[in-house]
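Q: Pasting a structure here, questions to come.
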Amino acid sequence: MSRTNDPFAQHIDWLTLVLYLGCVTMGWLNVYAAVYSPEDHTSLFDMTTNAGKQMMWIGTTVLLIICILVINHKFFDSFAYVFYAFMILMLLLVLVAGSNINGSRSWFKFGAFSIQPAEFAKVATALALAKYLDVPGMNLGRTKELLRIGGIIVLPCILILASNETGSTLVFASFVIMLYREGLPGWIPALGISVAALFVLALVFPKLYIFAGIVVLYGIIVLLMPRYNRTTRNLLSMAMIGAGMMALVTGVDFFVNNVLQKHQRNRIKVLVDPTIDPLGVGWNVTQAKIAIGSGRLQGKGFLEGTQTKFDFVPEQSTDFIFCTIGEEHGFIGSMIVIALFIGLLSRIVILAEKQRSKFARVYGYCVAGIIFFHVMVNIGMTIGLMPVIGIPLPFFSYGGSSLWSFSILLFIFLRLDSRRTALMRR
């Protein structure tokens, strides 16, 4: 076998690998810190604790990575739709045969361990999108193409939402980053951002103020518009957009009070007013901010976090793992973790831009978008800037499904990139 056909000789990007190992190692240590009890003095390798179980997940992840690296790079392209169909089947099956954990029927339970198909659905959807977009003449400006792409994204979203996993559903919005890179018309993401901004404004400010702001904005645009553009058609179109914005603002209360579930309404209330019910629905966010703030500049030291030791923050080894980082390692440690993610994301984007195949480039941007969304929302919700939607911090949060899915997501891309590097060095 020639050297360029040997997967282990095809030049894996070592910088990305080092950043990945740094994240996983720091994550494991912080999981241990989150479950550490000074009375029990449990070992880092104690299999009865989350830290010991996470070590086992890390070991199995290594096996998965080896499997990915020895597989021919064409395998992921050829079987992209097969993976997608299989995950759709799993999402359907979990609705019938899944276990209910924390109010979500989205888990397959095997003894003491659980697997969440929704985590792997993101990988399958990324592969399916890369496969679909990797055709000559693909134009994201055509309505037909947008509808088909939307169908690929929305189908798993509907099934995940049916299992009461709102957080995992929202992650699929990250694919807009990749689509914009591939030619999605700018007005589509701009429209989405505008709708989100109006939604938040309608929750914070009286509607009358927002209506006045829309009218003033309309007037400023008209005044600044060149005379030849002030046609009746343009003015009516702008007026209809303004009316639509007002209708959206008016419908926010109905949506929040009649469409969202109670726990979802509570999360929005806490986001808007963090002081509301600090001993009830606001407990998680309040304690998370106390834990992070108490770390100050340098932190209290490894295993010295009092908020962590006495379990003030629920789910601290999973969704709120960043609280442990902030409390025990302070502002400096938090910035190091954020810098680690920035470095990883930057490297993925750089490698994606270097790809010779569109399939690899599209998939690389999907990887970057998913990890970015998770990091932004997870850290944001622990400091009160994002609603608590229950998504893990990549490579840090405890859990096999999370670690497996993010590792598979990343190393499929590294496998694709290794082929590019090997061809360059022939």
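Q: Go over the candidates F341, F359 one by one and state the one that is closer than 16 Å to N378 by Cβ, of a type in the set (F, W, Y) and part of a helix (DSSP H, G or I).
A: Answer to the selection: F341.
Q: Based on what the data block shows, is S346 under 19 Å from the mean Cα position of the chain (by Cα), over 21 Å from Q298 (Cβ atoms), in a helix (DSSP H, G or I) and of a type in the set (G, A, S)?
A: Yes, satisfied.
Q: Name, by its number, the condition in (1) of a type outside the set (S, T, Y); (2) at positive phi; (3) under 20 Å from the mean Cα position of the chain (by Cα) that does not hold for K122.
A: All conditions are met except number (2).
Q: While we're here: Which residue pairs have Cβ atoms under 6 Å apart, sit 6 or more places apart or on different chains, and have a first residue in region 72-86 that is among the charged types (D, E, K, R) and a second that is surrounded by 12 or more Cβ atoms within 10 Å (Cβ to Cβ)?
A: Pairs that qualify, where the first residue is among the charged types (D, E, K, R) and the partner is surrounded by 12 or more Cβ atoms within 10 Å (Cβ to Cβ), are D77/F359.
Q: Restricting the search to region 201-220, which residues are exposed (fewer than 14 other Cβ atoms within 10 Å of the Cβ) and either outside any helix (DSSP H, G or I) or under 28 Å from the mean Cα position of the chain (by Cα) (or both)?
A: Those that are exposed (fewer than 14 other Cβ atoms within 10 Å of the Cβ) and either outside any helix (DSSP H, G or I) or under 28 Å from the mean Cα position of the chain (by Cα) (or both): V204, F205, P206.
Q: For region 93-137, which positions are out of contact with any Ser or Thr (no Cβ under 9 Å at 6 or more places or on another chain) and assigned to a loop (DSSP other than H, G, I, E, B)?
A: Correct list: N102, G103, G111, A112, V135, P136, G137.
Q: Would you please name the residue that is most open to solvent (accessible area, probe 1.4 Å), looking only at residues in region 50-92 that are touching a Ser or Thr at 6+ places or on another chain (Cβ under 7 Å) and of a type in the set (A, V, I, L, M)?
A: Filtering first and then ranking leaves L64.
Q: Would it be correct to say that V31 is open to solvent by 60 Å² or more (accessible area, probe 1.4 Å) and touching a helix residue (DSSP H, G or I) at 6+ places or on another chain (Cβ under 9 Å)?
A: Here the answer is no, as V31 does not meet what is asked.
Q: Please determine, by comparing only the residues of region 391-426 that are in a loop (DSSP other than H, G, I, E, B) and surrounded by fewer than 21 Cβ atoms within 10 Å (Cβ to Cβ), which one is modelled with the highest pLDDT.
A: So in region 391-426, the residues in a loop (DSSP other than H, G, I, E, B) come out as 391-399, 425-426.
Retained after the next criterion (residues that are surrounded by fewer than 21 Cβ atoms within 10 Å (Cβ to Cβ)): 425-426.
Details: R425: 63, R426: 60.
So, considering only residues that are in a loop (DSSP other than H, G, I, E, B) and surrounded by fewer than 21 Cβ atoms within 10 Å (Cβ to Cβ), the one modelled with the highest pLDDT is R425.
Q: If we scan region 228-237, do we find a residue that is in contact (Cβ under 8 Å) with a residue 24 or more places away in the chain and either among the small types (G, A, S) or open to solvent by 30 Å² or more (accessible area, probe 1.4 Å) (or both)?
A: No, region 228-237 has no match at all.
Q: Check R296 against each of (1) within 24 Å of T169 (Cβ to Cβ); (2) modelled with pLDDT of 85 or more; (3) touching a helix residue (DSSP H, G or I) at 6+ places or on another chain (Cβ under 8 Å) and name the one condition it does not meet.
A: Only one criterion in (1) within 24 Å of T169 (Cβ to Cβ); (2) modelled with pLDDT of 85 or more; (3) touching a helix residue (DSSP H, G or I) at 6+ places or on another chain (Cβ under 8 Å) is unmet by R296, namely (1).
Q: Might you check whether a residue that is part of a helix (DSSP H, G or I), modelled with pLDDT of 95 or more and β-branched (V, I, T) occurs anywhere in region 381-390?
A: no
Q: Filter region 47-81 down to the residues that are of a type in the set (A, V, I, L, M, F, W, C), closer than 24 Å to R420 by Cα and assigned to a helix (DSSP H, G or I) and list them by number.
A: The answer is V62, L63, L64, I65, I66, C67, I68, L69, V70, F75, F76, A80.
Q: Kindly indicate whether any position in region 185-197 is touching a residue at least 24 places away in the same chain (Cβ under 8 Å) and either more than 29 Å from A243 (Cα to Cα) or not in a helix (DSSP H, G or I) (or both).
A: Yes, region 185-197 has at least one match.
Q: Residue by residue through region 315-368, note down the ones that are open to solvent by 10 Å² or more (accessible area, probe 1.4 Å) and of a type in the set (D, E).
A: E315, D319, E353
Q: Can I ask one more? Being of a type in the set (K, R) and assigned to a helix (DSSP H, G or I) is the filter; apply it to region 138-181 and report the residue that is surrounded by the fewest Cβ atoms within 10 Å (Cβ to Cβ). Full working, then the answer.
A: Of the residues in region 138-181, the ones of a type in the set (K, R) are 142, 144, 148, 181.
If we keep only those that are assigned to a helix (DSSP H, G or I) too, we end up with 144, 148, 181.
Numbers: K144: 8, R148: 11, R181: 17.
By that ranking, first place goes to K144.
Q: Residues in region 355-370: is at least one touching a Gly at 6+ places or on another chain (Cβ under 7 Å) and within 15 Å of M178 (Cβ to Cβ)?
A: There is at least one residue in region 355-370 that is touching a Gly at 6+ places or on another chain (Cβ under 7 Å) and within 15 Å of M178 (Cβ to Cβ).
Q: Of the residues that sit in region 100-137 and are surrounded by fewer than 14 Cβ atoms within 10 Å (Cβ to Cβ) and among the β-branched types (V, I, T), which one is modelled with the lowest pLDDT?
A: This residue is I101.
Q: To continue, here is another question. Restricting to region 285-338, and then to whatever is basic (K, R) and in a loop (DSSP other than H, G, I, E, B), can you tell me which residue is nearest to M376 (Cα to Cα)?
A: Within region 285-338, the match that is nearest to M376 (Cα to Cα) is R296.
Q: Any idea which of I348, I292, I268 is among the β-branched types (V, I, T) and farther than 30 Å from V204 by Cα? Let's see the steps before the verdict.
A: Details: I292 fails: farther than 30 Å from V204 by Cα; I268 fails: farther than 30 Å from V204 by Cα.
Unique residue meeting the criteria: I348.
Q: Could you grab the pairs with beta carbons closer than 7 Å, sequence gap of 6+ or different chains, first residue in region 93-107 and under 11 Å from P117 (Cβ atoms), second one modelled with pLDDT under 80 and open to solvent by less than 60 Å² (accessible area, probe 1.4 Å)?
A: Sorted first by the residue in region 93-107, then by its partner, the pairs are W107/I101.
The values are calculated or read from the model by the stated rules, or taken from the named source; none is laboratory data. Source: prediction; values computed, not measured. Here Cβ is always computed from backbone atoms with ideal geometry, including for glycine, and neighbour counts include all displayed protein chains. Note: accessible area is taken over every heavy atom of the protein model, side chains too, but ligands, DNA and RNA are not part of it. Shrake-Rupley method; radii C 1.70, N 1.55, O 1.52, S 1.80 Å.
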